[in-house]
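Q: Before we start, here is the structure in question, set down as structure tokens.
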Amino acid sequence: MAKKAASYRMGIDLGGTKILAAVIGPDGAILGMAKKKTRDELGPDGVIKRMVDTANEAAAAAKISLKALAGVGVGAPSAVDFKTGVVYSASNLAGWDEVPLGARLQAALDLPVLVDNDVNLGTLGEFHLGAGRGCRHMVGIFVGTGVGGGIIVDGKLYRGARDAAGEIGHMIMQPDGPLCGCGRRGCLEAFASRTAIERVVRAQLAEGRPSILPELLAAEKDRMTSGVIKQALEAQDPLMVEAIGSAQYYLGLLVANLINALDPEMIVFGGGVVEALGGDFLAPIRETALPYLLQQRNADKIKIVPATLGDQAGVLGGAALLAPFTARKA
């Protein structure tokens with residue numbers, strides 16, 4: 001017997017460097033995936049065409065027709081108007097300013113399309129199918145080039161009044177602190193992202209600080225990857241140990257503020273830096289956060305854990321975004 005259309009959903013994760021699409025079955029299993037380079041130099045028209053091509057390839061890999069899908073959930077690296085599917089000022093995508101991505105994809109695929117912020121969907125994926133399964137209140141923190149977040153309240157993604165909730169990377173740690181990529185000073189992202197770690201490390205190297213990092217960077221064509229950070233830490237390079245320690249300290253302050261404001265059961269850490277460094281990266285963050293919690297009763301029950309889904313969190317979150325629609329149509 002053929003399965004109902006509502007049994008299949010697709011998630012698409014649009015990033016600055018790659019597009020990932022996956023067909024998800026009714027049990028949350030990935031049935032087929034496809035990946036392409038984003039090639040943002042092609043502009044919105046070219047990137048959207050590549051998203052359509054990636055969607056078709058993912059459906060082919062799952063051996064189904066696009067018509068078998070209940071819909072598509074898309075994560076974009078930008079502020080998004082969830083109601084209209086408009087993507088605002090995606091800093092990692094050239095020329096993306098108020099692009100009606102939802103409407104464009106819906107017309108091209110002839111399917112219902114929902115669009116949300118990519119970190120929201122990463123959080124949603126972890127909540128439904130990853131580290132957050134079984135809890136009702138959760139915060140996702142993703143540490144990579146920047147720092148992004150998502151908030152789950154009573155089992156639902158919290159977007160706020162302007163669909164702008166979750167921008168925890170831009171909570172202010174020091175009003176006169178270092179310049180952030182957003183143009184403001186003192187954001188958490190300016191202290192704890194891979195970009196911030198690289199800024200601190202390169203400044204120290206320029207001053208002649210001894211380190212094995214020049215050798216490691218040379219092997220990576222001078223790119224400060226998460227792998228380089230991991231290798232330097234494994235070698236106990238003092239410069240990298242200090243830089244990571246500073247990032248962990250500020251992430252600990254962030255966690256304390258989030259717990260005091262939202263009282264979640266769980267905080268899930270993901271992103272390239274956390275994936276590279278593993279669960280040991282989180283212990284100092286917890287140690288910093290706990291003394292700052294106003295409510296100390298049962299504080300030890302708040303879980304601070306690594307994400308489990310890796311690159312698949314966004315596409316799985318995209319499928320989860322469609323769950324209410326699927327339930328109505330099934």
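The values are calculated or read from the model by the stated rules, or taken from the named source; none is laboratory data. As the structure is a prediction and not an experimental result, all values here were calculated from the model. Cβ atoms come from the backbone with ideal geometry, glycine included; neighbour counts cover every protein chain shown.
Q: Of all residues being acidic (D, E) and over 17 Å from V143 (Cα atoms) in segment 247-294, which is surrounded by the most Cβ atoms within 10 Å (Cβ to Cβ)? Just the residue, please. Can you show your working first?
A: So the first thing to find is which residues in segment 247-294 are acidic (D, E), and the list is 263, 265, 275, 280, 287.
Of the ones still in play, those that are also over 17 Å from V143 (Cα atoms) are 263, 265, 287.
Values: D263: 12, E265: 15, E287: 12.
Residue satisfying both the conditions and the ranking: E265.
Q: Do we find a residue being in a helix (DSSP H, G or I) and free of Cβ contacts under 8 Å to residues at least 24 places away in the same chain anywhere in segment 268-284? Steps first, answer last, please.
A: The first filter runs over segment 268-284 and keeps only residues in a helix (DSSP H, G or I), leaving 272-277, 279-284.
Cutting the leftovers down to free of Cβ contacts under 8 Å to residues at least 24 places away in the same chain gives us 280, 283.
Yes, segment 268-284 has at least one match.
Q: On the basis of being outside the structural domain of G149 (by TED's automatic domain parsing), of a type in the set (G, A, S) and assigned to a helix (DSSP H, G or I), does A70 make the cut? Please lay out each step first, then the result.
A: Details: outside the structural domain of G149 (by TED's automatic domain parsing): yes; of a type in the set (G, A, S): yes; assigned to a helix (DSSP H, G or I): no.
No.
Q: Looking at A94 and the list (1) of a type outside the set (F, W, Y); (2) assigned to a loop (DSSP other than H, G, I, E, B); (3) without any contact (Cβ under 8 Å) to a residue 12 or more places away in the chain, which single condition is not satisfied?
A: Single failed check for A94: (3).
Q: A follow-up question, please. Which of (1) of a type in the set (S, T, N, Q); (2) farther than 21 Å from M173 by Cβ; (3) at pLDDT 95 or above does T326 not meet, given it meets every other one?
A: Here T326 meets the rest and fails (3).
Q: Going by what's in this entry, would G169 be described as in contact with a strand residue (DSSP E or B) (Cβ under 7 Å, 6 or more places away or on another chain) and either among the small types (G, A, S) or part of a helix (DSSP H, G or I) (or both)?
A: Working: in contact with a strand residue (DSSP E or B) (Cβ under 7 Å, 6 or more places away or on another chain): yes; either among the small types (G, A, S) or part of a helix (DSSP H, G or I) (or both): yes.
For G169, the condition - in contact with a strand residue (DSSP E or B) (Cβ under 7 Å, 6 or more places away or on another chain) and either among the small types (G, A, S) or part of a helix (DSSP H, G or I) (or both) - is met.
Q: With respect to the numbered conditions (1) among the β-branched types (V, I, T); (2) farther than 29 Å from L321 by Cβ; (3) touching an Asp or Glu at 6+ places or on another chain (Cβ under 9 Å), which one is the sole condition not fulfilled by I197?
A: The failed condition is (3).
Q: When you check G130 against the structure, is it within 28 Å of G278 (Cβ to Cβ) and either modelled with pLDDT under 95 or not charged (D, E, K, R) (or both), yes or no?
A: Numbers: within 28 Å of G278 (Cβ to Cβ): yes; either modelled with pLDDT under 95 or not charged (D, E, K, R) (or both): yes.
Criteria met by G130.
Q: How do the pairs read when you match residues in segment 228-247 that are under 14 Å from R202 (Cβ atoms) with residues anywhere that are basic (K, R) and surrounded by 22 or more Cβ atoms within 10 Å (Cβ to Cβ), using Cβ under 9 Å and keeping only pairs 6 or more apart or on different chains?
A: I229/R194
Q: Ok, one more. Quickly run through segment 87-101 and pick out the residues that are touching a Gly at 6+ places or on another chain (Cβ under 7 Å) and farther than 12 Å from L14 by Cβ. I'd like the intermediate steps shown before the answer.
A: The first filter runs over segment 87-101 and keeps only residues touching a Gly at 6+ places or on another chain (Cβ under 7 Å), leaving 92-95, 100-101.
Selection gives A94, G95, P100.
Q: Same structure, new question: Out of the residues in segment 289-323 that are closer than 26 Å to R9 by Cα and part of a loop (DSSP other than H, G, I, E, B), state the one that is farthest from the chain's Cα centre (by Cα).
A: Applying the filter and picking the extreme gives L322.
Q: Tally the residues that are under 13 Å from R194 (Cα atoms), over 20 Å from the mean Cα position of the chain (by Cα) and part of a loop (DSSP other than H, G, I, E, B), restricting the search to segment 219-256.
A: 1
Q: Also, quick follow-up: Could you pull out the residue among A55, A59, A68 that is modelled with pLDDT under 95 and not acidic (D, E)? So that I can check it myself, show each step before the final result.
A: On the way: A55 fails: modelled with pLDDT under 95; A59 fails: modelled with pLDDT under 95.
Matching residue, one of A55, A59, A68: A68.
Q: On to the next question. So which of D280, D311 is of a type in the set (D, E), within 30 Å of V72 (Cα to Cα) and out of contact with any helix residue (DSSP H, G or I) (no Cβ under 8 Å at 6 or more places or on another chain)?
A: Working: D280 fails: within 30 Å of V72 (Cα to Cα).
Matching residue, one of D280, D311: D311.
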